[in-house]
Amino acid sequence: MKKLSARRRHPLAAVVVLLLALAATGGLYIAFAPADKAQADETAQSLAIDEGKRLFSVGCASCHGTGGQGTSDGPSLVGVGAAAVDFQVGTGRMPLQQQGAQAPRKKVIYSQAEIDQIAAYIASLGAGPSVPTKNQYDPKGADIAKGGELFRTDCAQCHNFTGEGGALTHGKFAPSLENVDPKHIYEAMQTGPQSMPNFPDSVMPEQNKKDIIAYLHAVNSDDTTSPGGLKLGGLGPVSEGLFAWIFGLGGLVAIAAWVAARTAKARKS
Amino acid sequence: MSSTTRNASRRQAPAGERVADWADGRLGVYSLAKSNMRKIFPDHWSFMLGEVCLYSFIIIILTGVYLTLFFHPSMNEVVYHGSYVPLQGQLMSEAFNSTLHISFDVRGGLLIRQIHHWAALIFIGGMLVHMMRVFFTGAFRKPREVNWIFGFLLLVLGMFTGFTGYSLPDDLLSGTGVRFMEGAILSTPIVGTYMSFFLFGGEFPGGDFVARFYTVHILLLPGIMMGLLVGHLILVFYHKHTQFAGPGRTEKNVVGMPLLPVYMAKAGGFFFLVFGVIAIIAAIASINPIWAIGPYRPDQVSTGAQPDWYMGFSEGLIRVMPGWEINFLGHTLVLGVAIPLIVVFPLVLVVIAVYPFLEAWVTGDRREHHILDRPRNAPTRTGLGVAWLTWYFVMLVGGGNDLWATHFHLSINSITWFVRIAFFVAPVLAFLVTKRICLGLQRRDRDKVLHGRESGIIKRLPHGEFIEVHEPLDADQLHTLTAHEQYEPAQLGPAVDENGVERQVSRGEKLRTKLSKGYYGEGNQIPKPTVEEYKEITSGHGHH
Ligand code: HEM
């Protein structure tokens, strides 16, 4: 014991302790982490990471920094997770075209394979939500009504009753959710892109996310029926009022003019 | 037709005549009808706008009666088991449940609901347009001020009938609107809380308001409106309709078609046209799809929550008002809500009611007017009307600021600031511009009278000059363009009375003189051509 206490003050002691601590946590992590990845998978994974890094340095590093650490033009991506990349790039929001109030949805310029590679690279920088699997977001069998209730409680204040979108401050907006891919809806809830708060599984369990996806599919997709006729954008009284003025009153004034012009002429004879 | 029936009809008077005879013998309808049915009604498209209101009101009543057969004005909670899948199993009030039932499970229910709601939007829009026509033509002048007030009350009551009806289904959108109204009530200094508790039977939303609104919506307000409407129409009959100036038309006669049969036939046909337009709209376009909106829960809210358009200006007022709040002797005064909703909201409406009296005071004119003004010949009035409309429209823009932002890719903050500034500036600009336009049109009329109408024919004179040939107007046109009378601006009168003592001039008098100058003073109307001027110009000099 004496020896140890004597060397405690050795200049290298701190380094040794640090190494030991790192080894311990690393060991613990290996012991507890799901270690079912086959060797072959791992090499494929590291290949993907390499490929992703290459794509990243070409397309993204100018804003997010060469190591994804962030610059004045874009936030750090360490720890945002593969789901964030899949969402941002898969909806065309990234790479950002120009700085503005908010990154808009655009044409997607990467293939899904490339997106996966970039995602793998970003995921390798720090742990974050991973891309959900199909059976996580597949709305089959979900409770639509429950989803509606959740949507109105948690989402409608920005996205409108049926996800038609809405304005936020200073030119930012909550986009329309019409026909958004279920995977992307799921990822958005998971990662909270742009001004959106995130809804991790601890606040909104997977089943509820599915319910919401099912609800959106029912009320705002190509399969939605509108029992009352034209939806008028689903925007409520403003578009209804406009319609009533233009077609209702406009039409009636035109008809009044037409009727008034057809007056019974006093017979001259 | 067979010969036997022909013989029969020869022997007996037609059925209609017999019924009329029967009724006349008992009710004396013939003389009543004779004196009233020959009333003359002049023809002009804008005179039919009142009919648009009348017919849409009738349509609202008819469809509303159908809806009452199925609607349950109750806030008891039930679980939905109807046919709209995305709501099955949800808790909702019976009111909401029955509205879904009407929409999906009652035959024709959805169509009737949509006709009812579309007709309501068109009804109130119709009233506004009708009111504009009455305003811009000066039809509100003596003796029709009372009828203007009746109309004004109908407009305000119509707005509130619409609002209460819109709240009945107890959906998330209208519930938010009721909450908004509650906020307005709460912001009333001192009594706000008491009033809110009284209205909702306790804490908002409570379990009462749907039933209470129901009574107000289907009985109280429509009952009052029905009475006002009958009074309104009786007064139109009694005063007889106004008419535009024209040859043969005076303040003492009305030129047009007799009510029976011509006007009645047209009006009857027009009813069906109005019904047709509303029914087509209701058949093709969805309105207030409560199933997509969901049942009301005070803990939920959606973006883009606006009231129906006629309440939109109040929404605009609240959206652009800064959220001021002060503490006054221990009372919190929510000025950010009280100023727009308790002060400005009524003001926007009350100026409508008082305008006829204001104008009468300024002109000091106590005569009756049955000949309408062309809007250009009353530039200040027309300017004020357009200024009001601009004001109203600016507030509507404010009420939809979020949709302007998303659809035109603007910042909602910039729109809000735009509206704040425009609220004060736009009406003034609109007033000035409108007045200029009116004066320009007056000048053109003057030119037309004096120099004739531009014929489009270019003539070359012997010495090479090109001129456009102006055709003189015929007497009818000359009459129409010069029939309006022009007021002299009021004068303050001598500063000293007959004894040389300085006269006491009241402040009101001074104000009146100032306003009168603004209305009719130099530069505020173009003197119409006099007979002398006309003779002088047309007597041969000049080549026009
Ligand atoms: C329930 C709503 C209303 C109905 C059913 C209605 C109906 C009518 C009808 C059928 C006429 C005769 C035709 C015409 O001039 O258009 C009329 C005239 C008139 N209305 Fe209304 N109206 C309504 C609301 C209003 C409003 C909101 C105002 C103004 C505040 C108003 C003021 C007048 C006046 C002053 C006249 C006499 C016009 C003249 O003789 O030239 N009315 N109304």
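The values are calculated or read from the model by the stated rules, or taken from the named source; none is laboratory data. Here the structure is a predicted model, which means the values were calculated and not measured. FYI the Cβ positions are ideal-geometry reconstructions off the backbone, even for glycines, and counts take in every protein chain you see. Note: accessible area is taken over every heavy atom of the protein model, side chains too, but ligands, DNA and RNA are not part of it. Shrake-Rupley method; radii C 1.70, N 1.55, O 1.52, S 1.80 Å.
Here are the numbers for this structure:
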quantity: Residue pairs meeting the criteria (Cβ under 7 Å; at least 6 apart or on separate chains; first among the aromatic types (Phe, Trp, Tyr), in segment B:223-241; second open to solvent by 30 Å² or more (accessible area, probe 1.4 Å)); calculated: B:237/B:36; B:237/B:39
quantity: Those residues of segment B:92-149 which are among the β-branched types (Val, Ile, Thr), closer than 16 Å to residue B:241 by Cβ and more than 8 Å from the ligand (Cβ to nearest atom), in sequence order; calculated: B:146
quantity: Matching entry among A:214, A:256, A:156, A:188 (being closer than 30 Å to residue B:270 by Cα and either surrounded by fewer than 18 Cβ atoms within 10 Å (Cβ to Cβ) or in contact with a helix residue (DSSP H, G or I) (Cβ under 9 Å, 6 or more places away or on another chain) (or both)); calculated: A:256
quantity: Wholly enclosed helices (runs of 4 or more DSSP H) of segment A:36-145 bearing at least 3 residues under 30 Å from residue A:168 (Cβ atoms) and open to solvent by less than 30 Å² (accessible area, probe 1.4 Å); calculated: A:81-90, A:112-125
quantity: Unmet requirement for residue B:406, which otherwise passes all of (1) in contact with a helix residue (DSSP H, G or I) (Cβ under 6 Å, 6 or more places away or on another chain); (2) crowded, with 21+ Cβ neighbours inside 10 Å; calculated: (1)
quantity: Which numbered condition residue B:415 fails, given (1) among the β-branched types (Val, Ile, Thr); (2) touching a helix residue (DSSP H, G or I) at 6+ places or on another chain (Cβ under 9 Å); (3) within 30 Å of residue B:315 (Cα to Cα); (4) open to solvent by 60 Å² or more (accessible area, probe 1.4 Å); calculated: (4)
quantity: Scope segment B:495-522; condition surrounded by 10 or more Cβ atoms within 10 Å (Cβ to Cβ) and part of a loop (DSSP other than H, G, I, E, B); matching residues; calculated: B:497, B:503, B:505, B:521
quantity: The lone exception for residue A:208 - which of (1) within 37 Å of the chain's Cα centre (by Cα); (2) outside any loop (DSSP other than H, G, I, E, B); (3) within 13 Å of another protein chain (Cβ to nearest Cβ); (4) not β-branched (Val, Ile, Thr) it fails; calculated: (3)
quantity: Segment B:401-430, residues that are among the hydrophobic types (A, V, I, L, M, F, W, C), touching a residue at least 24 places away in the same chain (Cβ under 8 Å) and at the interface with chain A (Cβ under 10 Å from one of its Cβ atoms); calculated: B:403
quantity: Cross-chain or 6+ apart pairs with Cβ under 6 Å, segment B:342-364 first and touching a residue at least 12 places away in the same chain (Cβ under 8 Å) and farther than 20 Å from residue B:313 by Cα, then within 13 Å of the ligand (Cβ to nearest atom) and in a helix (DSSP H, G or I); calculated: B:356/B:145; B:356/B:148
quantity: Lone qualifier among B:287, B:218 - being more than 15 Å from the ligand (Cβ to nearest atom), surrounded by 14 or more Cβ atoms within 10 Å (Cβ to Cβ) and either within 22 Å of residue A:255 (Cβ to Cβ) or outside the structural domain of residue B:171 (by TED's automatic domain parsing) (or both); calculated: B:287
quantity: Among residues of segment A:121-157, those that are within 14 Å of chain B (Cβ to nearest Cβ) and not basic (Lys, Arg), counted; calculated: 16
quantity: Test: residue in segment B:268-287 that is part of a loop (DSSP other than H, G, I, E, B), over 24 Å from the mean Cα position of the chain (by Cα) and at the interface with chain A (Cβ under 10 Å from one of its Cβ atoms); calculated: yes
quantity: Selected residue (only one of B:65, B:79 is more than 33 Å from the chain's Cα centre (by Cα), open to solvent by 10 Å² or more (accessible area, probe 1.4 Å) and free of Cβ contacts under 8 Å to residues at least 24 places away in the same chain); calculated: B:79
quantity: Test result for residue B:18, exposed (fewer than 13 other Cβ atoms within 10 Å of the Cβ), closer than 30 Å to residue A:261 by Cβ and away from every other protein chain (no Cβ under 14 Å); calculated: no
quantity: The one condition in (1) free of Cβ contacts under 8 Å to residues at least 24 places away in the same chain; (2) within 11 Å of the ligand (Cβ to nearest atom) that residue B:248 fails to fulfil; calculated: (2)
quantity: Qualifying residue in segment B:64-85 (condition: at pLDDT below 95, within 14 Å of chain A (Cβ to nearest Cβ), more than 7 Å from the ligand (Cβ to nearest atom) and part of a helix (DSSP H, G or I)); calculated: yes
quantity: Matching residues, segment B:437-448, being over 17 Å from residue B:486 (Cα atoms) and among the basic types (Lys, Arg); calculated: B:448
quantity: Subset of segment B:288-304 (residues that are at the interface with chain A (Cβ under 7 Å from one of its Cβ atoms) and touching a residue at least 60 places away in the same chain (Cβ under 8 Å)); calculated: B:293, B:294, B:300, B:301, B:302, B:303, B:304
quantity: Test: residue in segment B:358-367 that is more than 16 Å from the ligand (Cβ to nearest atom) and either within 14 Å of chain A (Cβ to nearest Cβ) or acidic (Asp, Glu) (or both); calculated: yes
quantity: Qualifying residue in segment B:320-332 (condition: in contact (Cβ under 8 Å) with a residue 24 or more places away in the chain and touching a Leu at 6+ places or on another chain (Cβ under 8 Å)); calculated: no
quantity: Test: residue in segment B:310-322 that is basic (Lys, Arg) and more than 9 Å from every other protein chain (Cβ to nearest Cβ); calculated: yes
quantity: Residue, farthest from the other protein chains (Cβ to nearest Cβ), within segment A:158-202, restricted to residues that are β-branched (Val, Ile, Thr) and in a loop (DSSP other than H, G, I, E, B); calculated: A:180
quantity: Exclusive hit being assigned by TED's automatic domain parsing to the domain that holds residue B:77 and open to solvent by less than 20 Å² (accessible area, probe 1.4 Å), set B:193, B:137, B:176; calculated: B:137
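To keep it simple, each residue is scored yes or no on (1) more than 16 Å from the ligand (Cβ to nearest atom); (2) open to solvent by 30 Å² or more (accessible area, probe 1.4 Å); (3) over 30 Å from residue B:253 (Cα atoms); (4) in contact with a strand residue (DSSP E or B) (Cβ under 9 Å, 6 or more places away or on another chain).
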| residue | (1), (2), (3), (4) |
| --- | --- |
| B:321 | yes, yes, yes, no |
| B:328 | yes, yes, yes, no |
| B:355 | no, no, no, no |
| B:378 | no, no, no, no |
| B:398 | yes, no, yes, no |
